[in-house]
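Q: If you scroll down you'll find the structure; I have some questions about it.
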Amino acid sequence: MSRIGDTIQVGKGVVSDTDDGIGFGGRTAMSATVHEPGRVRIAAWSKYEEFSVYLHEGETVQIGRQTWRLDKIHIEGGRDWYADLTRIA
Amino acid sequence: MSELRNRGPDRLREQPATTVRPDTPQRKGQETPRSGAERLRALYADRSRVSRHGDSLQRGGSGGDGRTGRTDAPSRLEIASANGSRDARGRNAQDQVAVDPRLLAGVPRPRGALPDDIGRAYTRDGSPSAGGDDGIHSVRAADEDQATAQDRWRDGDRGDRLHAWVDRPAFQDRFAKMRPPDRYGDPLRLVDGSRVPRFNDRPTREQTQQGRLRDCGIIATLGAVASHRPGDIAHRVAIQWDGTYRVRLNEARCTEHGAEPTGRAVELSVTPDLPILDEAPNQPAFAKAEGGAAWSPVLEKAIAGVDQTWTATRRASWAESWAAACRADIVDKKENPRSGPPPDGYVRLNQGSTAWDRAELLTQLTGKESIVRSLPRRADEVTRVLAKQLDDRKPVLIASRRERHEGEELPHELDASHAYEVLAIQEGKIVLRNPWNRMHPERMTPAEFATNMESYYTTLK
């Protein structure tokens, strides 16, 4: 079972999930520009729901009664990236 | 139907209706000339700005759920389960029009092809999309002569069966950006000491799910074979007296347009250990044991280890692809460009696959000749050709096109440079399955399909 403080990496085209059935898939990423910070679009799912969401660094997403925060986006061209998420609630 | 069972009431609740846009390309019979951004706006026109951009995301733990709605998922669920193949068969039965044999011709395998399911693809002239010929082809010609001689020697020496021990294939890709799994563990062991069974009833595509490995092409192929030809999966994975699995594959020889069986069997003794992360030791880091069946991660491990049985010719082909990938990294000015000898095991699978790699796997799993074909140009021919393949229980695999610019989002909930299984033709639209076992794309008209997918597909001949 995942716990508060656990981290997970979500990368382009792959699935990362927790022991308790929460899954994330990396879809697209956009590098930071002078106008907008970098962002990623990830898929998130639990046993009962699935959706896609855009996240900037510092934003959070709720899935399966858990809250995960996007800590950092590591991007090297939009086609090769991953993001660090931390469970905060 | 098992996929339907996986969906709970919450998910169904958030799918109010399938929207029909009056200007959708399928009504025009061809792809709209609108820009990608305009297409995206049209796609999400019925969704609120809040949900589109996650503006309601919590900051500091308060706010909405910040999710992007998926308005047509119930219909896709139905498509993805029982109705799909029946629809394809029904359609095909209605118009038993012979397929033009010219549409069934194969696409030659380009040398040094780059994977089309992880971001880079080969160009239409057959050369890698970056790098170019720096002499490796001439070097390869000499290698090939030597390899052919070695193959002849090996063929005469080994009889009709190959055997390899697959214990702990390499899994830590030193060139990958994401953190690799930490170690091998025993995630198939249950708390009562028993092990997740190889099979839970007959194999299905819903029992496959990609993990942290970039092998969507492998997982899509496993799922496609499982549902079209479950016997081809069921008889390949056995348990042995010592607790290891015996995986039996057909040896495949790469042909100009795909792959064919050599007539020899490849027997792999596969230990149950799988790569895991320390924080999630009870589940495989790569392919999941979905639906209470272990065959998918076991087969993925066997496929990771099958390179031990490769001929010199096959190794030379992989070395050439690896060299092309290394050159592409240098051209792309990657921080940590790939270099050195070609990797094996899971690390090899982490480099992605080409349509011809998927053809090789199709042959290894089915013992049948496989082929890479071009998509027909005419919309009616696309559906007719694909429906005929599905009607004949022949899996169809195809990759989506690559991004045209950073961050581009493909329409129809497609992910760029990602391998999919063609599931069915339903009401003239093409249904795809995502090897994530989630987030299946929306149905597409043939014109939309041709616009957003690569121009070639893999199937059985």
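The values are calculated or read from the model by the stated rules, or taken from the named source; none is laboratory data. Not measured: the values here are computed from a predicted model. Please note: Cβ atoms are built from the backbone with ideal geometry, for glycine as well, and neighbour counts cover all protein chains shown.
Q: Just to check your reading of the model, which residue among A:Gly21, A:Gly58 is more than 9 Å from chain B (Cβ to nearest Cβ) and not polar (S, T, N, Q)?
A: Within the list A:Gly21, A:Gly58, the selection yields A:Gly21.
Q: Within the set of pairs 6 or more residues apart or between chains, which connect a residue that is within 15 Å of B:Ala304 (Cβ to Cβ) inside the stretch B:345-371 to a residue that is among the aromatic types (Phe, Trp, Tyr) and modelled with pLDDT of 95 or more with Cβ atoms less than 7 Å apart?
A: Matching pairs, first to second residue: B:Gly345/B:Phe171; B:Tyr346/B:Phe171; B:Tyr346/B:Phe286; B:Val347/B:Phe171.
Q: Now, a different point. Within the stretch A:24-44, which residues are part of a loop (DSSP other than H, G, I, E, B) and either in contact with a Leu (Cβ under 7 Å, 6 or more places away or on another chain) or within 7 Å of chain B (Cβ to nearest Cβ) (or both)?
A: A:Ser31 - this is the single residue of the stretch A:24-44 that is part of a loop (DSSP other than H, G, I, E, B) and either in contact with a Leu (Cβ under 7 Å, 6 or more places away or on another chain) or within 7 Å of chain B (Cβ to nearest Cβ) (or both).
Q: If you don't mind, another one. Within the stretch A:1-18, restricting attention to residues that are in a strand (DSSP E or B), among the polar types (S, T, N, Q) and facing chain B (nearest Cβ under 7 Å), which residue is nearest to A:Ile63 (Cα to Cα)?
A: A:Ser16
Q: Also, I was wondering about something else. Mind checking whether some residue in the stretch B:283-291 is under 29 Å from B:Val191 (Cα atoms) and part of a helix (DSSP H, G or I)?
A: Of all residues in the stretch B:283-291, those under 29 Å from B:Val191 (Cα atoms) come to B:283-291.
From the residues that got through so far, the ones that are part of a helix (DSSP H, G or I) too are B:290-291.
Yes - at least one qualifying residue is present in the stretch B:283-291.
Q: Does A:Thr28 satisfy being of a type in the set (Val, Ile, Thr) and more than 21 Å from B:Leu277 (Cα to Cα)?
A: yes
Q: Please verify whether the stretch B:325-335 includes one or more residues that are in contact with a helix residue (DSSP H, G or I) (Cβ under 6 Å, 6 or more places away or on another chain) and either over 14 Å from B:Arg253 (Cα atoms) or in contact (Cβ under 8 Å) with a residue 40 or more places away in the chain (or both).
A: no
Q: Would you check if there is a residue in the stretch B:408-429 being within 14 Å of chain A (Cβ to nearest Cβ) and farther than 23 Å from B:Gln209 by Cα? Explain how you work it out, then say what you get.
A: Of the residues in the stretch B:408-429, the ones within 14 Å of chain A (Cβ to nearest Cβ) are B:408-420.
Next, only the ones that are farther than 23 Å from B:Gln209 by Cα stay: B:408.
Yes, because at least one residue in the stretch B:408-429 is within 14 Å of chain A (Cβ to nearest Cβ) and farther than 23 Å from B:Gln209 by Cα.
Q: Taking the condition of being under 28 Å from B:Phe286 (Cβ atoms), touching a strand residue (DSSP E or B) at 6+ places or on another chain (Cβ under 8 Å) and surrounded by 24 or more Cβ atoms within 10 Å (Cβ to Cβ), how many residues in the stretch B:427-439 meet it?
A: Here is the first cut: in the stretch B:427-439, the residues under 28 Å from B:Phe286 (Cβ atoms) are B:431-439.
Checking which are touching a strand residue (DSSP E or B) at 6+ places or on another chain (Cβ under 8 Å) leaves us with B:431-436, B:438-439.
Imposing the further condition that a residue be surrounded by 24 or more Cβ atoms within 10 Å (Cβ to Cβ) reduces the set to B:431-436.
So the answer is 6.
So that you can scan it fast, the table gives a plain yes or no per residue for (1) outside any strand (DSSP E or B); (2) surrounded by fewer than 24 Cβ atoms within 10 Å (Cβ to Cβ):
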| residue | (1), (2) |
| --- | --- |
| B:Ala304 | yes, no |
| B:Asp307 | yes, yes |
| B:Trp318 | yes, yes |
| B:Lys333 | yes, yes |
| B:Ser339 | yes, yes |
| B:Lys394 | yes, yes |
| B:Ala399 | no, no |
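Q: Follow-up. Does A:Gln9 fit the bill of being more than 25 Å from B:Ala419 (Cβ to Cβ), in contact with an Asp or Glu (Cβ under 9 Å, 6 or more places away or on another chain) and either surrounded by 20 or more Cβ atoms within 10 Å (Cβ to Cβ) or at pLDDT 95 or above (or both)?
A: No; evaluated as a whole, the condition is false for this residue.
Q: Sticking with this structure for a sec: Looking only at the stretch A:45-55, which residues are out of contact with any helix residue (DSSP H, G or I) (no Cβ under 8 Å at 6 or more places or on another chain) and either more than 9 Å from chain B (Cβ to nearest Cβ) or assigned to a strand (DSSP E or B) (or both)?
A: Result: A:Trp45, A:Phe51, A:Ser52, A:Val53, A:Leu55.
Q: I would also like to ask the following. Of all strands (runs of 3 or more DSSP E) completely enclosed by the stretch B:185-271, which ones contain at least 3 residues that are aromatic (Phe, Trp, Tyr)? Explain how you work it out, then say what you get.
A: Working: elements: B:237-239, B:245-254, B:258-270.
Result: empty, no element qualifies.
Q: With the requirement that a residue be surrounded by 22 or more Cβ atoms within 10 Å (Cβ to Cβ) and of a type in the set (S, T, N, Q), what does the stretch A:36-87 give you?
A: A:Ser52, A:Thr60
Q: Any residue that is touching a Cys at 6+ places or on another chain (Cβ under 9 Å) and either modelled with pLDDT of 95 or more or more than 8 Å from chain B (Cβ to nearest Cβ) (or both) - is there at least one of those in the stretch A:73-81? Outline the logic, then answer.
A: Restricting attention to the stretch A:73-81, the residues satisfying the condition of being touching a Cys at 6+ places or on another chain (Cβ under 9 Å) are none.
The answer is no, given that none of the residues of the stretch A:73-81 is touching a Cys at 6+ places or on another chain (Cβ under 9 Å) and either modelled with pLDDT of 95 or more or more than 8 Å from chain B (Cβ to nearest Cβ) (or both).
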